[in-house]
1. Output wanted: per-residue J couplings in Hz (rounded whole) for segment 34-43, from phi through Karplus 6.51 cos²θ - 1.76 cosθ + 1.60, θ = phi - 60°, x for Gly and Pro.
2. May I ask you to evaluate 6.51 cos²θ - 1.76 cosθ + 1.60, the Karplus curve with θ = phi - 60°, for each residue of segment 21-27 and list the ³J(HN,Hα) values in order in whole Hz, giving x for glycine and proline?
3. With θ set to phi - 60° and the Karplus curve 6.51 cos²θ - 1.76 cosθ + 1.60, what are the ³J(HN,Hα) couplings of segment 51-60 in order, to the nearest whole Hz, using x for Gly and Pro?
4. If you wrap a convex hull around the Cα atoms of segment 16-60, how much volume per residue is inside, in Å³?
Amino acid sequence: MPKYYEDKEEDRRACGGVREDLRQCLLESPCVLQENKSPKQCLKEGHCRSLQMTFFACKRSMVSVCSVFSSASGM
């Protein structure tokens with residue numbers, strides 16, 4: 001079970017759970033903890049890549065759904 005279900009406030013934003021898992025992954029990575037780099041820099045270096053790809057796929061799916069609704073309402 002993903003970590004975001006354990007003792008967390010509910011994040012009502014789109015893809016909030018994956019966002020939180022990505023955030024935690026970066027904050028707990030050796031890149032941040034041992035090398036003292038920023039989470040943003042660690043993300044650019046490829047840390048937590050699978051969660052990053054999952055998060056972007058989730059966000060992309062939200063954009064696709066929104067574009068379907070906006071094009072349907074323009075008819």
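Here, each number is a calculation from the coordinates, and none is a lab measurement. Remember, predicted model here, so these are calculated numbers, not experimental data.
1. The phi angles translate into 9, 8, 6, 8, 6, x, 4, 5, 5, 5 Hz.
2. Values, residue by residue: 5, 5, 4, 5, 4, 5, 5 Hz.
3. Whole-Hz 3J(HN,Hα) from phi for segment 51-60: 5, 5, 5, 5, 4, 5, 5, 5, 5, 5.
4. Values: hull volume 2.6 nm³, N = 45.
Dividing the Cα hull volume of segment 16-60 by its residues yields 57 Å³.
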